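The values are calculated or read from the model by the stated rules, or taken from the named source; none is laboratory data. The model shown is predicted, which means the values in this text are computed figures rather than measured ones. Quick reminder, even Gly has a Cβ in these numbers, built from the backbone with ideal geometry, and neighbours come from all protein chains shown. The area values use the complete protein model at the heavy-atom level, side chains included, leaving out ligands, DNA and RNA. Shrake-Rupley method; radii C 1.70, N 1.55, O 1.52, S 1.80 Å.
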Amino acid sequence: MKPIGKHITVNAGLVAAAIAFILLLLPHDDRQSYNYELNQPWRYQLLTADFDMPILRDSSSARLMRDSIDRAFVPFVKRDASVAKNNITKFRNAISGKVAPARANYLTNLLERVYGLGIVDTDVYNQVHTGASGHLRVADIENGANAVETIDARDMLSPPKAFQYIDSVYHAGLTGPAASEALDSDVAHMLGSVLTANIVIDSVADKKYREQEYLTVNGALGVIKKGQRIVDRGEIVTPQIFTNLNTYMEIAEQNHSGDSKTSYFLLGQGLYLLLCFSALYTFLWICRPRFLSSIKNMVFLISFITLFAIFSILMFEYVGNGIYFVPFAAIPVVIIVFFDSRTAIFSLLISVMISALVAVFPFQFIFMELAAGLTAAFSINTLERRSQLLRTALYTFLAYVSSYCVSNLITDGTLAPFEWHIIGAFAINAVVLSFAYFLILIIEKIYGFTSTVTLVELSDINNPLLRRLAEEAPGTFQHSMQVSTLAAEAARAVGANTQLVRTGALYHDIGKLDGPIFFTENQHGVNPHTGLNPETSAHKIISHVTSGLAIAQREKLPQVIRNFISEHHGKSVTRFFYNTAVNENPEGTVDRAKFTYPGPNPQSRETAILMMADSVEAASRSLPEYTPDTINSLVDRIIDTQMADGLFNESPISFRDIQTIKNTFKKRLSTIYHSRVAYPELKKPVLTDVTGKMPDLTGKK
């Protein structure tokens, strides 16, 4: 697959995946999402019914009515004849032979009597005796119709009451000493085990008739007609209004489920997302084509925006006012570190526009997030120190609060709706933003990017590798420092990445650590090239590029720094040794490839600037005199030669940039090598008196 076709396919897949994920989580409804709370003002415009809807009782009133019905409800029961029959037989067989036959018959008759009265569960017994009626109901079917009979339950017993009844009656019927004797323990235990309820709750009938009485609770109190008001702006959401709103939402959801309107609404959301991402790609295609051509950059950019949108949707769904906890200001902060401010601001705009799909107040949301995000972008500019994030977080918090107040004045004409918990959300948002440094580190590890903070840390001359360069190749170190200053000045003039150029310049010649004596700036009267043929000398010089890349890999320097090492000579020729070889072999053929650096040629404006600064700074040391004319001539000659050799053809640098860089170099070199005023020498000694003061030569006292 051709590179262009591959890029198009990958980017199309990225956008399709992003839209699919966002659509999957978005609430799919063609009505506005309302966020309302009980006993709080209604913050939206007048809401009217789109259809006829019942007016149901609010939950508290319904609960009170149900409690009242439950208290007055007469339970339905049924008699289970098998319970009495089985238990009486069981008891008779158990006590047979253990007590006298007369007593056994007497106890059995008492057991039959209590079952005749009816034994009910303790709960039913308590309900009967605490209720006003003291009745139970029995449901039956007579002549094919349901019949309900109310029975007097006041004589019915619970199992404990039945035991007490049998025990008291049994002893009352005895005479003599036996009347005071307690029941035999085995008999008492058996009697207690057979006293179970033979009149039990009829669950089917009880549920049926209880629900019939509940109909008075669940029934509609009235009807809200289509077009009739449900709630108006500023009105307190009372329990009844809260119930009406819930009823409206439920019916509306049922009416729209499976409706073609939902499909159209989903289509509209998809087209909206597609337009947002298309706007981003259009911006990159026009203004940042080099970003668009990098698959890694686009994977990061699209996934970063998508993750923020997904996080916003989830926070909106599961956390009250959760969308205001999302640190949108971190978007420009992070993207500025790896890209530039224009890309950061446009990415912020796209992220906010996508997330506005779930915002309760879209205008307020967009206004506040853009105000905070732009404040963060303008305050951070270039992230070089962690402390900058604290300042940015403070500015962002102030931007949130001020924009929130302004939006309240616009929408309500007053600051009365001012809510402190929203301010708390802004404060948490700002705190999260202050920790964006950790997010930057994570992104660096995942995508292999290099942040400005990392570049600043690498540019510290106390870095072990730079210290080694200063000790083992002091001339190269001084040259790198001069090139760094010169290149950074030029980068600033043309709007390139100043910190990247400064850091790359410090490391571009670290390959000279492998044999520093072979380079002029490190020689002190002894030239090791004397006696070597031009080809061998050229190899020694050229090898500092490959050696530098090996050192950079061993020291784990970022790829952007390695690019400066490999590209600062491009595919140029070691002209001194090549010319020497040609002059020594006037009749022979010299292989130019053996005198050519491996390259590649500069691929970015920053590496192109370094190539120019490196050559100009090195050549400036050989000038016999430093005058404006000689400096101007040197800069023009070197850079024009590089242009003629096509060394800048692969970099996005323009002719205007090159001319600006030339002028910057000329001004900077003229400042460095400015002529100094010669101090006059004394032609005769100065006389002083014994006090150390000049003598009075005028004759005056």
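Key figures for this structure:
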read-out: Angle between the chain longest axis and helix 498-507 axis [Cα atoms, degrees, rounded to 10]; value: 60
read-out: Shape call, region 277-399: gyration tensor on alpha carbons, a/c limit 1.5; value: oblate
read-out: Residue-wise HN-Hα coupling along region 90-96, computed from phi with Karplus coefficients 6.51, -1.76, 1.60 (Hz; x: Gly, Pro); value: 4, 5, 4, 5, 6, 8, 4
read-out: Peptides 577-585, 221-229 ordered by average Cβ neighbours within 10 Å, highest first; value: 577-585, 221-229
read-out: 0 to 90° range, to nearest 10: angle between helix 185-194 axis and the chain longest Cα axis; value: 70
read-out: Estimated [θ] at 222 nm from DSSP helical runs (n ≥ 4, -39500 (n - 2.57)) normalised by residues in the chain, nearest 500; value: -20000 deg cm²/dmol
read-out: Computed accessible area, M612, all protein chains, 1.4 angstrom probe, square angstrom; value: 0
read-out: Peptides 185-191, 243-249, 67-73 ordered by average Cβ neighbours within 10 Å, highest first; value: 243-249, 185-191, 67-73
read-out: 32 Å Cα-Cα threshold exceeded, pairs from K556/K666; K571/K666; K85/K207; K512/K662; value: K556/K666
read-out: Accessible area per residue, Å², the chain with all protein chains present, probe 1.4 Å; value: 53
read-out: Charge dipole (debye, nearest 20) of the chain; +1 at Cβ of Lys and Arg, -1 at Cβ of Asp and Glu; value: 1740
read-out: Amide H within-cut-off set for V237, under 5 Å, with H built and near neighbours excluded; value: N39, Q40, W42
read-out: Residues whose placed amide H lies under 5 Å from that of D50, excluding near-sequence neighbours; value: G227
read-out: Simple Cβ-charge dipole of region 305-394, Lys/Arg +1 and Asp/Glu -1, about Cα centre, in debye nearest 20; value: 240
read-out: Apportionment of accessible area to carbon and sulfur, the chain, percent (1.4 Å); value: 57
read-out: Computed magnitude of the charge dipole of region 507-603 (debye, nearest 20; Cβ of K, R +1, Cβ of D, E -1); value: 280
read-out: Among [x] 96, 33, 29; [y] 48, 32, 23; [z] 60, 35, 28, the entry that matches semi-axes √(5λ) of the Cα gyration tensor in Å as calculated here; value: [x]
read-out: Helix 420-434 axis, angle to the chain major axis (alpha carbon atoms, nearest 10°); value: 40
